[in-house]
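Each reported figure results from applying straightforward, stated rules to the coordinates on display, with no laboratory input. Small disclaimer: the values here were computed from a predicted structure and weren't measured. Here the Cβ is made from the backbone with ideal geometry for all residues, glycine too, and neighbour counts use every protein chain on show.
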Amino acid sequence: MAEAVERGSEMTAQAGDSLANRVVSALTSRLVIVAPYLWLLFFFLVPFLIVFKISLSQTAIAMPPYTPVFSLTDGMSALLSGLSELSFENYLWLVDDPLYFNAYVSSLIIAAVSTLLTLLVGYPLAYGMARAPASLRPMLLMLVILPFWTSFLIRVYAWIGILKPEGLLNQFLLFLGVIDQPLLIMNTNTAIYIGIVYSYLPFMVLPLYATLEKMDYSLIEAAQDLGCTPSGAFWKITVPLSMPGVVAGCLLVFIPAVGEFVIPDLLGGSQTLMIGKTLWNEFFANRDWPVSSAVAVILLLILVVPIMFFQRAQARAQEQGR
Amino acid sequence: MKSLGSIRRSFAPWNDPAARPYISFEGITKRFGDFTAVDNLTLDIYEREFFALLGASGCGKTTLLRMLAGFEQPTSGRILLDGQDISGIPPYRRPVNMMFQSYALFPHMTVEANIAFGLKQDGMPKPEIEARVAEMLKLVKLEKFAKRKPHQLSGGQRQRVALARSVAKRPKVLLLDEPLGALDKKLREETQFELMDLQQELGLTFVVVTHDQEEAMTMADRIAIMDKGEVMQVATPAEIYEAPASRFVADFVGSVNLFEGVVRERDAKGTTIADNGGMTIRTDIAGEEASPGQPVWFAIRPEKIKVSSRKPANGFNAAEGEIWDIAYLGDMTVYHVKLDDGRIVKTSAVNAARVVEDALTWSDRAWISFPTDAGVVLTR
């Protein structure tokens, strides 16, 4: 009898235990789903809304340098009257002054060209890594990631030393006798391209490597078996199948490159027009926070809207069965 | 002495001295580093033959196939296809096609495009490609799936697409690397017969690599049993089973009992062996040359041995023991008989009747016996 009771209590303890476990596991799984959204909410959406609000404000010689400034202690009426002061004037200003339009276009072009260059450099690199003996691959991967261990800023500064007229590159080429006058690369768009390709190469190589490495090599053999030359197999099989990696790599390079500030500032000349520099000037030189916020909001739209369309198209293609 | 003539097939170019082999491996050796995958192998395959390379994994069968396809180059020796040395020809110029074990279907192309791929490489005009693709789809009964992508197909359907793609170019030789390995048992059995029909219909030479002996036995005209990069025996399925050339082959294909002994007598009527356990074995099958006094093995398949509770009349080809184990498989029953000298003999009996009166059971005393043509004498 006593034994039976004991066993009974054991069973309820077990049941209670499993219930608690279930609640905990349900909560954890919820948390796992919610956590990234919370992260996005606090570190993307809220700051973005603040920037958006500033972009609708007016400049003022004050601290912070814009009005109105909401304060939750001033009550509802102050909040409402503050809201009525907001306007889209700053956005109209961006349209009026061709400087901004030109800066956007020029940024997009520079980013597009450097993304293409990064792809041209990164694809063979990733391909070579993916085809290297499996024992070598971790080391090669390490070499690609290695530059991240040094500060980005210092690495870009280092390029000044390489590219300037009396820099390493020119000295080397003069020494070889390839040129008899130093090349003027520093302070040109070429220097910006070099800087971006160099800095963002790992972002291109890593996704490309990931797709190329998991590709089944027997597909290439099958293509060759069916009469395709090795180069034909590359274009007909390898390239189409690595498209997800190409797209991911290009987005990872293109998006930050559009808003890049450090590279054009350090390597590009004074005549280089990029939106990151314009933004910096508005913010720090002119202290016009509302206009610079408007510039930032528009930049975000320029990048986000096409990417959303692209992703939707890709999802649709996937549904149809790629 | 009896010969095995009666179990040979009518299609047997390998017995015709005038027939020229279609594919010849001449002293092929392939080394990877210090590992020898294929060791000085010589093998002939004839036109329209369904040839199987059978062996455990790592025996070199796939390497041999890949050398024929052109993905590997032999370290030494040469491969002749229709009399021409193909050793230096890259895979994309060889008139052979391969069906890959993984199927290797192009995931970004539809079924149709997969099948048309090889034809396009040949620059075939578009209407002809379309006609050929339609024909191939019909052949493998996948007309309705032409526009699907490989990931929308079942395993069996993918296998058919891979097959259609590899025969679409009408290759002289079709190489199949474990063609049915990824299918479940039922589908595999069905597909075996479909492959045989297809081979007949298209009149191609098939070389199939498999580790599944049942598959090889069902489909192939001849089987090459491979071990450690060498061919152990090349023969028809029936010859491999009934007249294995060595203990390895006998043991590898199906189940076998091996009795070790010494030849006592050999004459025109047959061979008499003194088995190490005291049994006298007489056989009238012409097998390996063995002279009196030579140690040999007598190989006999389980189903050739009869188990009975009564002592057989003969004083030879019989031994006494007890029933050690019984496995009832439905269609047949396997008995393990422990002979009095301690050896275990595997026997099997077809369950022709549903109910058997006073059937043998565990620990019963029993006699095993077999006729004089039931087994073969092996010297290796």
* Structure fact -> Rounded to a whole number, the mean other protein chain Cβ count within 10 angstrom for residues of B:85-92 is 3
* Asked: Given Cα pairs under 8 Å that are at least 6 residues apart, what percent is the relative contact order of chain A?
  -> 24
* To do: Once you've got the GNM for chain A with C-alpha springs shorter than 10 Å, pick whichever of A:Val239, A:Val297, A:Val32 has the biggest mean-square fluctuation.
  => A:Val32
* With springs connecting C-alpha atoms under 10 Å apart, model chain B as a Gaussian network and identify which of B:Asp34, B:Asp122, B:Asp177 has the largest mean-square fluctuation. => B:Asp34
* Asked: If you rank A:Met142, A:Met204 by fewest surrounding Cβ atoms within 10 Å, what's the result?
  -> A:Met142, A:Met204
* Separation between the B:Asp340 and A:Val24 pseudo-spin-labels, each 7 Å from Cα along Cα→Cβ, expressed in nm? -> 6.9
* Using a 10 Å cut-off on Cβ to Cβ distances, tally the other chain neighbours for every residue of B:110-122 and report the average as a whole number. => 3
* Fewest Cβ neighbours within 10 Å first, please rank A:Thr115, B:Thr372 accordingly. => B:Thr372, A:Thr115
* Asked: Per residue Cα convex hull volume for region A:149-231, in cubic angstrom?
  -> 162
* **Under Karplus coefficients 6.51, -1.76 and 1.60, residue-wise ³J(HN,Hα) of region B:257-263 in Hz, glycine/proline x** => 10, 10, 10, 8, x, 10, 5
* Asked: Do you know the relative contact order of region B:225-380, to the nearest whole percent, from alpha carbon pairs under 8 angstrom that are 6+ apart?
  -> 26
* Structure fact -> Given backbone amide H placed at 1.01 Å from N, residues whose amide H is under 5 Å from that of B:Ala37, ignoring those fewer than 5 places away on the same chain, are B:Lys30, B:Arg31, B:Phe32
* Structure fact -> Hits for chain A under the membrane-span-like helix rule (DSSP H, Cα axial span at least 27 Å, Kyte-Doolittle mean at least -0.5) are A:2-40, A:98-131, A:189-213, A:289-319
* Structure fact -> For the pair B:Val350 and B:Ala113, the simple spin-label estimate (label points 7 Å beyond Cα toward Cβ) gives in nm 5.3
* Asked: Distance in nm between label sites at A:Met142 and B:Phe32, each 7 Å beyond Cα in the beta-carbon direction?
  -> 2.6
* Asked: Of the residues B:Gly77, B:Gly155, B:Gly88, which exhibits the maximal mean-square fluctuation in a Gaussian network model of chain B defined by a 10 Å Cα contact cut-off?
  -> B:Gly88
* Under 18 Å from B:Lys149, Cα to Cα: lysines that are on another chain or at least 8 residues apart -> A:Lys236, B:Lys138, B:Lys141
* **the protein assembly as shown: antiparallel DSSP beta bridges as a percent of all, rounded to 5** => 75
* Structure fact -> Between B:Asp212 and B:Gln73, the FRET efficiency computed from the C-beta separation at R0 = 30 Å comes out, to the nearest 0.05, as 0.60
* To do: With r as the distance between the Cβ atoms of A:Phe43 and B:Ser57 and R0 = 56 Å, compute the FRET efficiency 1/(1 + (r/R0)^6) and round to 0.05.
  => 0.60
* **Degrees, to the nearest 10: B:111-121 long Cα axis against longest axis of chain B** => 70
* Asked: Check B:Met226: other-chain or 5+ apart residues with amide H under 5 Å from its amide H, H built from backbone geometry?
  -> B:Leu54, B:Gly55, B:Met232
* Work out the FRET efficiency for A:Leu83 and A:Leu168 from their Cβ-Cβ distance, taking R0 = 51 Å, and round it to the nearest 0.05. => 0.35
* Across the residues of B:95-104, average count of Cβ atoms on other protein chains within 10 Å? -> 4
* Asked: Using the 10 angstrom Cβ neighbour count as an exposure proxy, how do A:Tyr104, A:Tyr37 rank, fewest first?
  -> A:Tyr37, A:Tyr104
* **In sequence order, calculated HN-Hα J values of region B:343-351 (Karplus, 6.51, -1.76, 1.60; Hz; x Gly/Pro)** => 6, 9, 10, 8, 9, 9, 9, 6, 8
* To do: Report, in whole Å, the centroid distance computed from the Cα atoms of region B:19-82 and region A:88-119.
  => 63
* Asked: Using modelled amide H (1.01 Å from N, peptide plane; none on Pro or chain starts), what sits under 5 Å from the amide H of B:Thr236, excluding residues fewer than 5 places away?
  -> B:Ile223
* To do: With everything on Cα atoms, drop me the angle between helix B:185-202 and the longest principal axis of chain B, reported from 0 to 90° to the nearest 10.
  => 60
* Find the centroid of the Cα atoms in region B:349-380 and in region A:181-211, then give the distance between the two in whole Å. => 80
* Asked: How big is the gap, in Å, between the Cα center of region B:291-343 and the Cα center of region B:202-249?
  -> 27
* Asked: Got a sec to turn the phi values of region B:28-33 into Karplus ³J(HN,Hα) couplings, 6.51 cos²θ - 1.76 cosθ + 1.60 with θ = phi - 60°, whole Hz, x for Gly and Pro?
  -> 7, 10, 10, 10, 10, x
